[in-house]
Amino acid sequence: MAQLSLCWSVVVGLFVWVAPLAAQPTPAPKPPPNVVIIFADDLGYADLGCFGAPKIKTPNLDRMARQGVRFTSFYVAQAVCSASRAALLTGRYSNRVGILSALGPTAKHGLAPHERTIADLLRALGYATGMVGKWHLGHLAEHLPKRHGFDTYYGLPYSNDMWPKHPTAKFPDLPLIDEDKIIAYNPDQTRLTTDYTDRAVKFIARNKDRPFFLYVAHAMPHVPLFVSERFKGKSEQGLYGDVIMEIDWSVGQILEALRKHGLDENTLVIFTSDNGPWLSYGNHAGSAGRLREGKGTAWEGGVRVPFIARWPGRLPAGKTNPEPAMTIDVLPTIAKFTGAKLPGHKLDGKDISPLLLCKEGAKSPHDAYYFYWGRELHAVRSGPWKLYFPHSYRTLAGSTPGQDGRPGPYKTATTDLVLYNLDDDLSETTSVLDRHPEVVRRLQALADGMRADLGDGLRKKK
Ligand code: MG
């Protein structure tokens, strides 16, 4: 044993002596990337300059697109606030999470404790995690962002129309929350975008020397619209355009903070929206451009939203990717880029980093995306094909849109089983169901697979 110990000492001593000579200088390991997600509320597909808005100037978002990647077939899981946010933050379809529609002030439920958000995953890696803005995943103490992976939170816990001054409904006072305490009721909404931006910029400054995740969920352009004095009357599209210009300014401030602190090349920034435009509000709603219908429907205008990702030096600049992708893919993709451990439970989203990197020949990793409204499966998309199942939906067709903050009346319409090829018919005007029975069979089979998993209120399956 004594001999063995002596030998070991010699070996160790030799190593200690030799190691410094053999060591080569190695570059300091790159810190894991920061992640910033900026989420607009009810922003339409065609509301940004780089997505074709004719009358709204968005120079910062346009620059972000020039410096990054623009997705033209990016979807939300459901075209309404709470359900959409649940899918973004968990990487799971809203129905799997059990958050449907929009949670009102009297709701008692929220994001369940076992759900794992992007913030949970990144905090486990040592990230600072901060959120400003609209949470809308439950507003009781046990549901707020600090219970779901965020170190800090400031904002409105639900929609900015859920307050006593809303013209069409009476709600209780609207709480403004700082961390997990109510600090005010019915705050001045003209200040919201500025306040959220200031807090976001300060969060970046405070955490510039460590990895961070920042989630900025703007209240705007959800009605009622408010804008600061600085942007009032600045656009060619009335108050709605002014509000989008202020959101664009906010993006510019966040990008400037990253530049100022030397974080550009180590920060993935994503900008997108929770659902399409709330069309019944007329001149206070956005535009889905050539897409059919808007918020609250599974038609393209409801679920397809603008998406821009920027990460200088890592993602290519000035690229447009037409492959379908969805908010459920954001969590697994961030996990891929950061090395975060995925939750143990089932995810619906998949890593789309090859699409963000615009790798040659990269295709969507999904066979299909599924579009529920509430518990009803309304549509499925696979490749260019989108199949709609017979259902009723709200439409403004034949109605007069609202004006200046008051909504117009929706009518109820119904659709039969219809099939569109979105490559040929972006506006979903002409069903080609009869010409492609094999496509219909394939999409029906995919939908049946999802019905067996998540149910379908149209088929009375649970
Ligand atoms: Mg919304």
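The values are calculated or read from the model by the stated rules, or taken from the named source; none is laboratory data. Remember, predicted model here, so these are calculated numbers, not experimental data. Counting neighbours? That spans all protein chains shown, and the Cβs are built from the backbone with ideal geometry, glycine included. Note: accessible area is taken over every heavy atom of the protein model, side chains too, but ligands, DNA and RNA are not part of it. Shrake-Rupley method; radii C 1.70, N 1.55, O 1.52, S 1.80 Å.
Against the condition away from the ligand (no atom under 16 Å from the Cβ) and assigned to a strand (DSSP E or B), how does I328 come out, does it pass? No; evaluated as a whole, the condition is false for this residue. Screening G52 with (1) within 16 Å of the ligand (Cβ to nearest atom); (2) more than 16 Å from the chain's Cα centre (by Cα) gives one miss only, at (1). Restricting R85, R66 to residues that are open to solvent by 20 Å² or more (accessible area, probe 1.4 Å), of a type outside the set (G, A, S) and modelled with pLDDT of 95 or more narrows the list to R66. For the range 140-162, the set of residues classified as more than 16 Å from the ligand (Cβ to nearest atom) and open to solvent by 10 Å² or more (accessible area, probe 1.4 Å) consists of L140, A141, E142, H143, K146, R147, D151, T152, Y154, listed by residue number. The residues in the range 332-360 that are in contact with a Pro (Cβ under 6 Å, 6 or more places away or on another chain) and open to solvent by 60 Å² or more (accessible area, probe 1.4 Å) can be counted, and the count is 1. Which residue pairs have Cβ atoms closer than 8 Å, lie 6 or more positions apart in sequence or on different chains, and pair a first residue in the range 327-338 that is charged (D, E, K, R) with a second residue that is buried (at least 22 other Cβ atoms within 10 Å of the Cβ)? Hits for this filter: D329/G91; D329/G349; D329/I352. The combined condition, being within 16 Å of the ligand (Cβ to nearest atom) and touching a residue at least 60 places away in the same chain (Cβ under 8 Å), is fulfilled by A298.
Exactly one residue out of T72, T58, T90 is surrounded by fewer than 24 Cβ atoms within 10 Å (Cβ to Cβ), modelled with pLDDT of 95 or more, of a type in the set (S, T, Y) and within 29 Å of E293 (Cα to Cα), and it is T72. Checked against the criterion of being open to solvent by less than 20 Å² (accessible area, probe 1.4 Å), within 16 Å of the ligand (Cβ to nearest atom) and touching a residue at least 12 places away in the same chain (Cβ under 8 Å), the candidates S250, S280 yield just one match: S280. For the range 317-331, a residue qualifies if it is touching a Cys at 6+ places or on another chain (Cβ under 7 Å) and open to solvent by 30 Å² or more (accessible area, probe 1.4 Å), and exactly one does: K319.
Here R210 meets the list (1) among the charged types (D, E, K, R); (2) crowded, with 22+ Cβ neighbours inside 10 Å; (3) in contact (Cβ under 8 Å) with a residue 60 or more places away in the chain almost entirely, failing just condition (2).
The residue that is farthest from the ligand (Cβ to nearest atom), among those in the range 258-277 that are surrounded by fewer than 24 Cβ atoms within 10 Å (Cβ to Cβ) and over 19 Å from A65 (Cβ atoms), is G262.
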